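For reference, the structure is listed below as structure tokens.
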Amino acid sequence: VRWMMYWIVFALFMATETFTDLLISWFPFYYEVKMAFVIWLLSPYTRGASLLYRRFVHPTLARKEKDIDAFLVRARERSYETVLRFGKRGLNLAATAAVQAATKSQGALAGRLRSFSMQDLRSLCEQS
């Protein structure tokens, strides 16, 4: 549980840090403070990640639980529909490509056979 709390808080920190890094990275000792914060999150003595998780993350997730569940249900339904739509489109493209390849190869084979004389065709049959 402790590691789960740490990784959730750390992921949230990294997501926000991506945007805020551009704005506040010019502050003196910014990188040292950031490193000290990560050590504070990770330390078993300070339990910083557990503190932040229990105070901020968990109450926010608990308040928004119904919205998150509804979003996940919608996302699952949409993803299933999207997979079906792209699957059908992919199968149609593959079938069209196969038909075109067969048509072209049949025409090429017929043209190749027309280029042979009857004597060439007889010699092919005798070799087989």
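The values are calculated or read from the model by the stated rules, or taken from the named source; none is laboratory data. Because the structure is a prediction, the values reported are computed rather than measured. Positions of Cβ are generated from backbone atoms using ideal geometry, with glycine treated the same way; all protein chains shown enter the neighbour counts. To get the accessible areas, we keep the full protein, side chains included, count just its heavy atoms, and leave off ligands, DNA and RNA. Shrake-Rupley method; radii C 1.70, N 1.55, O 1.52, S 1.80 Å.
Can you find, within the range 21-30, the residue that is farthest from the chain's Cα centre (by Cα) among those that are assigned to a helix (DSSP H, G or I) and surrounded by 11 or more Cβ atoms within 10 Å (Cβ to Cβ)?
Tyr30
Please find, among Arg89, Arg85, Arg78, Arg47, the residue that is more than 22 Å from the chain's Cα centre (by Cα), surrounded by 10 or more Cβ atoms within 10 Å (Cβ to Cβ) and charged (D, E, K, R).
Arg47
Would you check which residues across the range 73-128 are at pLDDT below 80 and of a type in the set (Ser, Thr, Tyr) and list them?
The first filter runs over the range 73-128 and keeps only residues at pLDDT below 80, leaving 97-128.
Within the range 73-128, Thr103, Ser105, Ser115, Ser117, Ser123, Ser128 meet the criteria.
For Val73, all conditions in the list (1) open to solvent by less than 100 Å² (accessible area, probe 1.4 Å); (2) under 19 Å from Leu12 (Cβ atoms) hold save one; what is the number of the exception?
Val73 satisfies every listed condition except (2).
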